[in-house]
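The values are calculated or read from the model by the stated rules, or taken from the named source; none is laboratory data. Quantities reported herein were computed from a predicted structural model and do not represent experimental measurements. Counting neighbours? That spans all protein chains shown, and the Cβs are built from the backbone with ideal geometry, glycine included. Keep in mind that these areas ignore ligands, DNA and RNA; they rest on the heavy atoms of the full protein, side chains included. Shrake-Rupley method; radii C 1.70, N 1.55, O 1.52, S 1.80 Å.
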Amino acid sequence: DAGVIQSPRHEVTEMGQEVTLRCKPISGHDYLFWYRQTMMRGLELLIYFNNNVPIDDSGMPEDRFSAKMPNASFSTLKIQPSEPRDSAVYFCASSPSRTGSYGYTFGSGTRLTVV
Amino acid sequence: DQQVKQNSPSLSVQEGRISILNCDYTNSMFDYFLWYKKYPAEGPTFLISISSIKDKNEDGRFTVFLNKSAKHLSLHIVPSQPGDSAVYFCAASGEKLTFGTGTRLTIIP
């Protein structure tokens with residue numbers, strides 16, 4: 001298995017533009033998570049899906065952020081409009097379970113810079 | 001409110017010596033605690049975990065200790081090697097995985 005695949009690896013965009021981050025989870029993993037990494041807050045959970053259904057979006061910072069999972073092999077995180085404070089590394093992770101001793105498998109992340 | 005805290009943002013250790021990374025948590029309902037390792041430009045990768053019913057778990061050079069009364073866990077790496085230089089995140093498993101802010105470990109040759 002190729003692991004969790006994220007695209008793009010880097011994204012530079014201007015304030016106000018729409019940004020779409022993409023994720024392909026590991027086949028067979030029922031859970032998909034979107035995390036954001038910042039210096040101040042570390043890895044914070046934005047939203048997670050179970051069997052393509054959003055379960056907990058309490059970490060989504062504001063209405064500018066939205067996430068979808070149209071099928072078991074694809075998810076998107078969209079920011080519209082983007083702001084400089086959204087600059088961070090965004091990780092997608094997948095897992096066969098929500099909790100447990102082996103945690104989640106992470107992708108390599110998308111480094112977003114909003115100028 | 002941070003439920004999982006790593007109070008040391010960075011740590012430098014001489015090669016061959018012991019590295020000790022610390023983590024504190026507030027929620028006594030967490031059932032597993034995990035450590036992840038992250039290299040630059042890569043995603044975090046799972047390193048080692050411990051069940052809340054245990055106080056120690058060892059895997060090669062890595063040992064995790066859990067002190068439930070103090071709500072504290074630590075990761076010991078011995079002996080430390082240059083390839084251990086990375087950011088280490090502790091995480092707690094409850095309704096979901098909650099991560100700390102990370103500690104950057106630098107092993108000095």
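Which residues, counting only those in region A:94-115, are part of a loop (DSSP other than H, G, I, E, B) and basic (Lys, Arg)? Quick ask: steps written out before the conclusion?
Taking region A:94-115 as the starting set, the residues that turn out to be part of a loop (DSSP other than H, G, I, E, B) are A:96-104, A:107-109, A:115.
The answer is A:Arg98, and nothing else.
Restricting region B:30-83 to residues that are among the aliphatic types (A, V, I, L, M) and within 11 Å of chain A (Cβ to nearest Cβ), which is most open to solvent (accessible area, probe 1.4 Å)? Don't jump to the end; show me each part of the working.
First, the residues of region B:30-83 that are among the aliphatic types (A, V, I, L, M): B:34, B:41, B:47-48, B:50, B:53, B:64, B:66, B:70, B:73, B:75, B:77-78.
In the following step, the residues that additionally are within 11 Å of chain A (Cβ to nearest Cβ) were identified as B:34, B:41, B:47-48, B:50.
Details: B:Leu34: 0, B:Ala41: 71, B:Leu47: 35, B:Ile48: 5, B:Ile50: 3 Å².
Among those residues, the one meeting the criterion is B:Ala41.
Look through region A:1-29, keep the residues that are acidic (Asp, Glu), surrounded by fewer than 16 Cβ atoms within 10 Å (Cβ to Cβ) and modelled with pLDDT of 95 or more, and return whichever of them is nearest to A:Phe106 (Cα to Cα). Step through it out loud before you land on a result.
Filtering region A:1-29 for residues acidic (Asp, Glu) gives A:1, A:11, A:14, A:18.
Cutting the leftovers down to surrounded by fewer than 16 Cβ atoms within 10 Å (Cβ to Cβ) gives us A:1, A:14, A:18.
If we keep only those that are modelled with pLDDT of 95 or more as well, we get A:14, A:18.
Values: A:Glu14: 27, A:Glu18: 24 Å.
It comes out as A:Glu18.
When region B:1-53 is examined, which residues are found to be basic (Lys, Arg) and at pLDDT 95 or above? Before the answer, list the steps.
If we filter region B:1-53 for residues that are basic (Lys, Arg), which is where we start, we get B:5, B:17, B:37-38.
Answer for region B:1-53, where residues must be basic (Lys, Arg) and at pLDDT 95 or above: B:Arg17, B:Lys37, B:Lys38.
Any residue in region A:21-44 that is of a type in the set (Lys, Arg) and in contact with an Asp or Glu (Cβ under 6 Å, 6 or more places away or on another chain)? Walk me through it before giving the result.
Initially, region A:21-44 is screened for residues of a type in the set (Lys, Arg), giving A:22, A:24, A:36, A:41.
Now drop any that are not in contact with an Asp or Glu (Cβ under 6 Å, 6 or more places away or on another chain), which leaves A:36.
Within region A:21-44, one or more residues are of a type in the set (Lys, Arg) and in contact with an Asp or Glu (Cβ under 6 Å, 6 or more places away or on another chain).
Hey, could you check region A:58-93 for residues that are within 11 Å of chain B (Cβ to nearest Cβ) and touching a residue at least 40 places away in the same chain (Cβ under 8 Å) and say which is most open to solvent (accessible area, probe 1.4 Å)? Working first, answer last.
Taking region A:58-93 first, the residues within 11 Å of chain B (Cβ to nearest Cβ) are A:58-59, A:89-93.
Narrowing the set further to residues that are touching a residue at least 40 places away in the same chain (Cβ under 8 Å) leaves A:89-93.
Values: A:Val89: 19, A:Tyr90: 0, A:Phe91: 1, A:Cys92: 0, A:Ala93: 0 Å².
Here the residue is A:Val89.
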